[in-house]
Every structure is written in structure tokens, then in C-alpha cells.
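K.L.:
Structure provided below as C-alpha cells; questions to follow.
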Amino acid sequence: MTKKQDVGLSVGGPVMREDEARAYAQVGPTKFSAMIKAGEFPPPIMVGSRRKWLVTELDAWLEERKAARHAEVPAVMAAPTAPAKSKVKKLRLRKSVRA
């Protein structure tokens with residue numbers, strides 16, 4: 001397996017590289033940077049000159065997102081709505097009258 005295929009299956013340690021953390025979050029580089037700047041994603045720690053993310057913090061981040069999702073689901077499911085009526089008009093076919 002290449003490293004890109006292996007991302008997410010096995011971290012191999014208590015920290016992740018940036019590409020692994022992005023794959024964990026399933027976002028692209030631009031969204032990843034924006035989430036960090038906005039405080040929506042755990043900030044990196046510096047290991048030498050490299051940015052790393054603690055696996056424990058990423059796991060906690062994911063659990064928080066799951067909890068938030070579960071908190072929103074009952075409100076949505078509490079008031080079921082009737083299915084929308086189709087706006088497709090029924091066409092009436094005319095019979096050809098030939099003399």
C-alpha cells in the first residue's frame with residue numbers, strides 16, 4: 001500500500017502529519033487551514049520544524065462532532081413532515097380524429 005492508501009488505517013504513533021490529519025478530517029488543504037484558523041479544528045504542535053497533530057485531540061474532536069450531530073438529530077426527527085406533493089403536471093393526451 002502507498003502512504004495515501006494507508007492514511008487513516010494505521011497512524012503508527014501518537015501524532016499525525018498534516019496530510020494524515022487532513023485525511024482524518026476528510027477535508028482539503030484550504031478548508032483544513034480555515035478550520036484551524038477559525039478554531040474549529042485542534043491546532044498543531046511543533047515537533048522540530050514540523051506541524052503534528054495529537055491523535056488523542058483528533059479523536060476528541062471527532063467525538064465532539066458526533067455528539068453535536070446526535071444533539072441535532074432529535075429536533076429534526078421530532079416533527080416529521082408530509083412528503084411534498086409532486087409539481088409535475090399530468091398531461092392529457094388527445095386522440096387524433098381522422099375523417
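The values are calculated or read from the model by the stated rules, or taken from the named source; none is laboratory data. Because the structure is predicted, anything quoted here is derived from the model rather than measured. Note: ideal-geometry Cβ built from the backbone for every residue, glycine included; neighbour counts use all protein chains shown.
K.L.:
Across the stretch 15-50, what is the total count of residues that are assigned to a loop (DSSP other than H, G, I, E, B) and within 16 Å of W61 (Cα to Cα)? Steps first, answer last, please.
P.N.:
Going residue by residue through the stretch 15-50, those that are assigned to a loop (DSSP other than H, G, I, E, B) are 17, 26-28, 39-44, 48-49.
Now drop any that are not within 16 Å of W61 (Cα to Cα), which leaves 26-27, 39-44.
So the answer is 8.
K.L.:
While we're on this one: May I ask you to verify whether G28 is on the phi > 0 side of the Ramachandran plot and either of a type in the set (G, A, S) or modelled with pLDDT under 60 (or both)?
P.N.:
Working: on the phi > 0 side of the Ramachandran plot: no; either of a type in the set (G, A, S) or modelled with pLDDT under 60 (or both): yes.
Spelling it out, it is not the case that G28 is on the phi > 0 side of the Ramachandran plot and either of a type in the set (G, A, S) or modelled with pLDDT under 60 (or both).
K.L.:
Scan the stretch 21-61 residue by residue and report those that are in contact (Cβ under 8 Å) with a residue 24 or more places away in the chain and exposed (fewer than 14 other Cβ atoms within 10 Å of the Cβ).
P.N.:
Those that are in contact (Cβ under 8 Å) with a residue 24 or more places away in the chain and exposed (fewer than 14 other Cβ atoms within 10 Å of the Cβ): I45, V47, R50, T56.
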